[in-house]
Amino acid sequence: MPSDLPLYTEGDPISDQRVPVGPIESRWDRRRFSARLVNPANRRNRSVIVVGTGLAGGAAAATLGELGYRVTSFCYQDSPRRAHSIAAQGGINAAKNYRNDGDSVHRLFYDTVKGGDFRARESNVHRLAQVSVEIIDQCVAQGVPFAREYGGLLDTRSFGGAQVSRTFYARGQTGQQLLLGAYQALERQIGAGRVEMHPRTEMLDLLVVDGRARGVVVRDLVTGEVSTHFADAVVLATGGYGNVFHLSTNAKGCNTTAIWRAHRRGALFANPCFTQIHPTCIPISGDHQSKLTLMSESLRNDGRVWVPKNAQDTRTPNDIPEGERDYFLERMYPAFGNLVPRDIASRAAKNISDEKRGVYLDFADAIARLGAHAVQERYGNLFEMYERITGDDPYRVPMRIYPAVHYTMGGLWVDYDLRSNIPGLYVIGEANFSDHGANRLGASALMQGLADGYFVLPGVIGDYLADAPFEPLTQDHPAVADTVSEVRGRVKTLLAVDGDRTVESFHRELGRLMWDECGMERDEAGLRKALDRIPELREEFWQRVKVPGTGARLNQELEKAGRVADFFELSELMCVDALHREESCGGHFRTESQTPDGEARRDDARFSYVAAWQWTGAEPVLHKEDLVFEHVQPSTRSYA
């Protein structure tokens with residue numbers, strides 16, 4: 001793309017109009033009090049659609065059903081409990097201070113703002129820290145089997161970016177156990193008739209009528225039927241967009257379609273270039289792979305990360321003596337050691353090694369100190385998973401790891417009430433941008449998903465639903481008919497191309513381009529190269545993609561084709577966002593903006609804002625929301 005062509009235009013600035021003023025410690029309480037309520041008897045007349053059944057969506061649907069609203073829930077999986085939240089391993093943060101090690105709501109708030117490299121709103125982050133203590137009580141009441149100490153108290157461990165032990169866990173299966181808690185609460189409401197569940201159903205567009213979000217257009221993935229569902233409000237809880245890189249730790253079905261369709265209908269997309277690279281994943285083993293496997297950050301509690309001091313050393317790790325090993329995280333960041341935040345650990349690993357060699361995560365010291373049984377109690381299922389995939393026994397041989405795409409901090413723009421700029425459209429969990437800035441701390445995704453679903457959304461959605469019910473809609477409404485026609489036309493077009501390249505081949509090529517040019521490191525030349533190639537590849541996709549079968553039955557290639565088509569559009573916006581942000585912060589690392597020792601260099605004077613992008617069909621429009629820091633002053637992050 002020629003450098004003199006405009007990539008975007010700049011529109012009016014925006015701001016969060018619903019965040020309360022006054023002391024930050026009481027803002028959430030004051031907002032809950034000021035929000036209008038809906039009488040319990042009237043809630044039966046208010047309807048809400050929730051798309052997604054992970055921790056955020058499952059918790060939201062269950063809680064709204066418990067409150068008495070009429071809820072319709074959708075997921076593309078065959079069961080709500082198959083949502084990708086089930087794959088989360090290490091734990092969930094909460095400022096309970098059970099260890100009496102100096103933790104507090106304010107410290108969790110401080111660590112999260114600092115960990116996000118000062119690119120998150122203070123008010124949202126403080127609310128997250130405040131609500132975290134309630135989440136644990138909620139989950140224990142549901143029967144979630146958190147790990148316990150010998151005396152019966154809930155156990156905690158440490159995660160990156162913190163010097164306290166605030167992470168509650170259930171071995172290496174924390175996401176699974178938390179999701180089962182939300183799932184049983186959701187199933188209770190389904191059984192009570194307050195939640196109507198639609199599995200194997202994918203949202204393909206948002207219905208916006210008279211400026212309000214009033215429903216969704218969905219496709220039954222078994223029969224192919226396209227249908228509409230109406231409601232007074234729509235909640236998107238559809239997760240992140242890490243699969244734009246093709247290879248990521250996300251489940252293969254994770255996609256951006258729901259939030260991208262909402263973006264095309266007018267919802268602002270915030271900070272799309274803020275993507276997280278996780279430092280401890282099993283390295284790529286060949287071109288045949290369709291995804292990557294995460295090894296929990298919790299392993300860095302006891303595992304030590306190292307590489308051979310001689311980069312050309314070809315000996316097996318057990319043959320390399322202690323004196324010839326470089327424990328580079330402990331050397332570079334002695335205050336935090338192996339538990340530095342993910343963005344810092346990932347860049348350090350990349351700078352000292354490469355994809356083929358990886359780095360080692362070694363448990364020999366922990367086994368000698370604690371015993372193999374104690375290590376097995378903490379990480380047994382993770383060790384077993386690693387051995388099944390690699391054939392190596394991590395009790396005897398150090399794990400080989402390397403960074404990989406794991407999470408996206410960007411997402412649809414929302415205000416303090418989690419409401420997008422489209423009235424009636426709420427966005428929760430990883431699908432929004434609100435809490436993590438430019439880098440998420442480990443064990444905070446589960447915290448945000450459950451905070452949004454169980455507490456925040458139910459506490460504020462009544463303020464909007466107090467004006468409902470809205471005018472009834474029918475299939476004949478022009479806005480509804482037009483949207484349905486567009487969805488069916490898109491499906492028909494994908495089937496009609498009948499080209500000679502598979503969807504997977506396009507996805508793999510796009511993903512490699514994004515990883516190379518908009519991955520762990522970005523620079524102007526690489527981003528412009530990507531912006532040249534993406535439109536060419538997208539045009540080729542619509543001319544050569546091969547989607548076999550029909551749209552009238554189960555057709556997974558058709559599902560993938562629609563998702564990859566949306567990834568093409570999203571990837572272009574990600575590169576524009578990364579190119580415009582001429583600074584390094586968190587997971588966004590511009591090689592032109594680094595300190596002499598290779599650390600990220602922010603530019604607060606120019607870029608201390610949320611970049612919220614508006615869809616136009618041509619050059620996107622940038623709306624800036626200035627970030628104001630009153631309680632945590634931006635500074636150079638130091639973990640040394």
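Okay, here's what the table says:
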{"read-out": "Search result, residues across segment 415-459 that are under 15 Å from V50 (Cβ atoms), of a type outside the set (S, T, Y) and over 11 Å from the mean Cα position of the chain (by Cα)", "value": "L418, R419, G424, L425, V427, L450, D452, G453, V456, L457, P458"}
{"read-out": "Residue check for E559: touching a strand residue (DSSP E or B) at 6+ places or on another chain (Cβ under 8 Å) and either crowded, with 16+ Cβ neighbours inside 10 Å or not in a helix (DSSP H, G or I) (or both)", "value": "yes"}
{"read-out": "Residue match in segment 570-579 (condition: under 23 Å from G242 (Cβ atoms), in a loop (DSSP other than H, G, I, E, B) and among the hydroxyl-bearing types (S, T, Y))", "value": "no"}
{"read-out": "Residue list for segment 267-293, restricted to those being touching a strand residue (DSSP E or B) at 6+ places or on another chain (Cβ under 9 Å), surrounded by fewer than 24 Cβ atoms within 10 Å (Cβ to Cβ) and over 23 Å from I534 (Cβ atoms)", "value": "C281, I282, P283, T293"}
{"read-out": "Output for segment 251-294, where each listed residue is part of a loop (DSSP other than H, G, I, E, B) and touching a Cys at 6+ places or on another chain (Cβ under 6 Å)", "value": "L292"}
{"read-out": "Count of segment 521-550 residues which are surrounded by 21 or more Cβ atoms within 10 Å (Cβ to Cβ) and either outside any helix (DSSP H, G or I) or aromatic (F, W, Y) (or both)", "value": "4"}
{"read-out": "Failed item in (1) under 28 Å from G410 (Cβ atoms); (2) in contact with a strand residue (DSSP E or B) (Cβ under 9 Å, 6 or more places away or on another chain), with S165 passing the rest", "value": "(1)"}
{"read-out": "Verdict on F168 being under 29 Å from V375 (Cα atoms), of a type in the set (F, W, Y) and in contact with an Asp or Glu (Cβ under 7 Å, 6 or more places away or on another chain)", "value": "no"}
{"read-out": "Those residues of segment 490-505 which are under 16 Å from Q556 (Cβ atoms) and in contact (Cβ under 8 Å) with a residue 60 or more places away in the chain, in sequence order", "value": "V491, L494, L495, V503, E504"}
{"read-out": "Residue satisfying all of: in segment 460-485; over 28 Å from the mean Cα position of the chain (by Cα) and assigned to a helix (DSSP H, G or I); farthest from V216 (Cα to Cα) among these", "value": "P478"}
{"read-out": "Residue that is closer than 13 Å to V632 by Cα and either part of a helix (DSSP H, G or I) or at pLDDT 95 or above (or both), where the choices are V113, V131, V140", "value": "V113"}
{"read-out": "Residue check, G65 surrounded by 24 or more Cβ atoms within 10 Å (Cβ to Cβ) and closer than 27 Å to S123 by Cβ", "value": "no"}
{"read-out": "Helices (runs of 4 or more DSSP H) fully within segment 1-80 counting 3 or more residues that are touching a Pro at 6+ places or on another chain (Cβ under 8 Å) and over 30 Å from C575 (Cβ atoms)", "value": "27-34, 55-67"}
{"read-out": "Enumeration of residues in segment 474-490 that are of a type outside the set (D, E, K, R) and either out of contact with any Ser or Thr (no Cβ under 8 Å at 6 or more places or on another chain) or within 15 Å of R265 (Cα to Cα) (or both)", "value": "T474, H477, P478, A479, V480, A481, T483, V484, S485, V487, G489"}
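Let's see how each residue does on (1) of a type in the set (G, A, S); (2) within 19 Å of L178 (Cα to Cα):
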{"site": "N432", "(1), (2)": "no, no"}
{"site": "L441", "(1), (2)": "no, yes"}
{"site": "G453", "(1), (2)": "yes, yes"}
{"site": "I461", "(1), (2)": "no, no"}
{"site": "P469", "(1), (2)": "no, no"}
{"site": "P472", "(1), (2)": "no, no"}
{"site": "R488", "(1), (2)": "no, no"}
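The values are calculated or read from the model by the stated rules, or taken from the named source; none is laboratory data. Note that the coordinates shown come from a computational prediction; the quantities given were computed from them, not determined experimentally. Quick reminder, even Gly has a Cβ in these numbers, built from the backbone with ideal geometry, and neighbours come from all protein chains shown.
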